[in-house]
2 protein chains.
Amino acid sequence: MREATNIMHFHTIVPFRPVNPKTRLSGVLTEEERGSFADAMLTDVVAAVRECGSEVTLLSTDPYVCPEADVLVRQEGLNEALNWILPQCEVPVLIIMSDLPLVTKETILQVTSTVSDLAVVPGLGGGTNILFIRDPKRYRVQYYGYSFRWHIEVARELGMTVEVVDSLRLSTDVDEPADLVELMIHGTGRSKAWLEQHEFALVAESGRVKIKHRGDNVI
Amino acid sequence: MREATNIMHFHTIVPFRPVNPKTRLSGVLTEEERGSFADAMLTDVVAAVRECGSEVTLLSTDPYVCPEADVLVRQEGLNEALNWILPQCEVPVLIIMSDLPLVTKETILQVTSTVSDLAVVPGLGGGTNILFIRDPKRYRVQYYGYSFRWHIEVARELGMTVEVVDSLRLSTDVDEPADLVELMIHGTGRSKAWLEQHEFALVAESGRVKIKHRGDNVI
């Protein structure tokens, strides 16, 4: 169920780790490349959220410059930082991960137009890619591991209604080499361009399409 | 864009290979188990399509009994068999793969309510999980490899409008062991029950949730 209008005022929080990000891509990218690729994905995410008319707070583990967002540096863990912020929020909050380069304005509005108290987008492998929390003062997060299940259960314990949003674009978090294939296939933004500039290309054989990097198959 | 009403008369074709299916799961399932698991997934898919009010033709490589579908045995390749059927179809056709155990009535209706001439649901890794073809006499399929791209390009060459449907449930085809994790997390039907009965269980550690089989981690 969606609200009749998509005009919902909300604030967006994007957690970000600018130092040594995306370590599970270490097999195919150097540390410097991983940093640059993470920047590109963040740029795609922030651009899509800004298109929805939301202000963005980048919740960063280290100092970072992001022209389109306020940057808040918090050195504690992700959960501690978010659970410190949520009680201070006066409007609905969208928490969206920075490694979702397939997000679009339309798919984000699909989340924020929920009529439920909480909208959740699962990540691949049971994580949580996006939370939309109508009353953030009442809610607490717990990322890592099987957080998708946890976030739903907590909401229900609090008497909140929950919608699980079904979207390949939003569920595709880029952590592992295989995820790069989906980005190459479905991407349209800066992150896909980054991969192409760095000599990634698709290889179509039998079975699933694979990716190669500078001539070598990486998956 | 969706049609105002979801009541669209269409016929469904489900390709199926009952003999030695799902070979990429050979590392975790015996041939007999793979056959039984493929049956469970087919049952989930056919049940969801039947809930939409569609008749189902099972296009099988070998004789097979399916109480909820007409069975048509064709021994040529998948593309040849489908391209032999399509010119004979008088109503819109839904071609849906049998290894999509997360499909639901609602997600299928999201496909068939398109206003475009063709709706396509990509599979993981650039395949094609579902095609909804409004005028099947005019269209030809080409599965395998990067067929998602191919199916879109052919439609555009034919002057057809195309919608790509964005759904994790519909895009999750179960071919490889990692796909079983998504089924365990999001499944509700017979296929998930099959996995549980065969001693598969989720393992939540750091990073993505994994799956174990009879005590051993398989992914």
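Bear in mind these aren't lab numbers, they're just calculated from the coordinates by the rules spelled out. What you see is a predicted model, and the numbers here were worked out from it, not measured in a lab. With ideal geometry, Cβ positions are generated from the backbone for all residues, glycine too; neighbour counts draw on all protein chains shown.
If you scan the range B:85-99, which residues turn out to be in a helix (DSSP H, G or I) and either within 20 Å of B:SER116 (Cβ to Cβ) or out of contact with any Lys or Arg (no Cβ under 7 Å at 6 or more places or on another chain) (or both)? Let's see the steps before the verdict.
Just the residues of the range B:85-99 that are in a helix (DSSP H, G or I), to begin with: B:85-88.
Those that are in a helix (DSSP H, G or I) and either within 20 Å of B:SER116 (Cβ to Cβ) or out of contact with any Lys or Arg (no Cβ under 7 Å at 6 or more places or on another chain) (or both): B:ILE85, B:LEU86, B:GLN88.
Yes or no: B:ALA204 surrounded by 18 or more Cβ atoms within 10 Å (Cβ to Cβ) and touching a strand residue (DSSP E or B) at 6+ places or on another chain (Cβ under 9 Å)?
Judged against the criteria, B:ALA204 is not a match.
Residue by residue through the range A:83-142, note down the ones that are hydroxyl-bearing (Ser, Thr, Tyr) and away from chain B (no Cβ under 14 Å). Spell out the reasoning first.
First, pick out the residues of the range A:83-142 that are hydroxyl-bearing (Ser, Thr, Tyr): A:98, A:104, A:107, A:112-114, A:116, A:128, A:139.
Selection gives A:SER98, A:THR112, A:SER113, A:THR114, A:SER116, A:TYR139.
Mind checking whether some residue in the range B:128-143 is free of Cβ contacts under 8 Å to residues at least 12 places away in the same chain and not aromatic (Phe, Trp, Tyr)? So that I can check it myself, show each step before the final result.
Filtering the range B:128-143 down to residues free of Cβ contacts under 8 Å to residues at least 12 places away in the same chain leaves none.
No.
Would you pick out the residues in the range B:184-219 that are closer than 17 Å to A:THR172 by Cβ and of a type in the set (A, V, I, L, M)? Outline the logic, then answer.
In the first step, residues of the range B:184-219 are kept if they are closer than 17 Å to A:THR172 by Cβ; the result is B:185-186, B:207-209.
Of everything in the range B:184-219, those that are closer than 17 Å to A:THR172 by Cβ and of a type in the set (A, V, I, L, M) turn out to be B:ILE185, B:VAL209.
Can you find a residue that is among the small types (Gly, Ala, Ser) and in contact (Cβ under 8 Å) with a residue 40 or more places away in the chain anywhere in the range A:176-187?
Taking the range A:176-187 as the starting set, the residues that turn out to be among the small types (Gly, Ala, Ser) are A:178, A:187.
In the following step, the residues that additionally are in contact (Cβ under 8 Å) with a residue 40 or more places away in the chain were identified as A:178, A:187.
Within the range A:176-187, one or more residues are among the small types (Gly, Ala, Ser) and in contact (Cβ under 8 Å) with a residue 40 or more places away in the chain.
In the range B:143-161, which residues are more than 18 Å from the chain's Cα centre (by Cα) and within 14 Å of chain A (Cβ to nearest Cβ)?
Here is the first cut: in the range B:143-161, the ones more than 18 Å from the chain's Cα centre (by Cα) are B:153-161.
B:GLU153, the sole residue that qualifies.
The conditions are (1) within 15 Å of the chain's Cα centre (by Cα); (2) within 30 Å of A:GLU196 (Cα to Cα), and A:GLU31 fails exactly one of them. Which is it?
(1)
Inspect the range B:170-189 for any residue being within 11 Å of chain A (Cβ to nearest Cβ), aliphatic (A, V, I, L, M) and in contact with a Pro (Cβ under 8 Å, 6 or more places away or on another chain) and give the result as yes or no.
yes
Would you mind stating whether A:ASP166 is buried (at least 22 other Cβ atoms within 10 Å of the Cβ), of a type in the set (Asp, Glu) and under 21 Å from A:ILE219 (Cβ atoms)?
Numbers: buried (at least 22 other Cβ atoms within 10 Å of the Cβ): yes; of a type in the set (Asp, Glu): yes; under 21 Å from A:ILE219 (Cβ atoms): no.
No: the conditions fail for A:ASP166.
Yes/no per residue for (1) within 14 Å of chain A (Cβ to nearest Cβ); (2) without any contact (Cβ under 8 Å) to a residue 24 or more places away in the chain; (3) exposed (fewer than 12 other Cβ atoms within 10 Å of the Cβ):
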residue: B:HIS9; (1), (2), (3): no, no, yes
residue: B:PHE16; (1), (2), (3): no, no, no
residue: B:LYS22; (1), (2), (3): yes, no, no
residue: B:GLY27; (1), (2), (3): no, no, yes
residue: B:GLU31; (1), (2), (3): no, yes, no
residue: B:LEU42; (1), (2), (3): no, no, no
residue: B:ARG50; (1), (2), (3): no, yes, no
residue: B:LEU58; (1), (2), (3): no, no, no
residue: B:VAL73; (1), (2), (3): no, yes, no
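Can you tell me which residue is surrounded by the most Cβ atoms within 10 Å (Cβ to Cβ) among those in the range B:116-161 that are more than 19 Å from B:PRO92 (Cα to Cα) and hydrophobic (A, V, I, L, M, F, W, C)?
Filtering the range B:116-161 for residues that are more than 19 Å from B:PRO92 (Cα to Cα) and hydrophobic (A, V, I, L, M, F, W, C), the one surrounded by the most Cβ atoms within 10 Å (Cβ to Cβ) comes out as B:LEU124.
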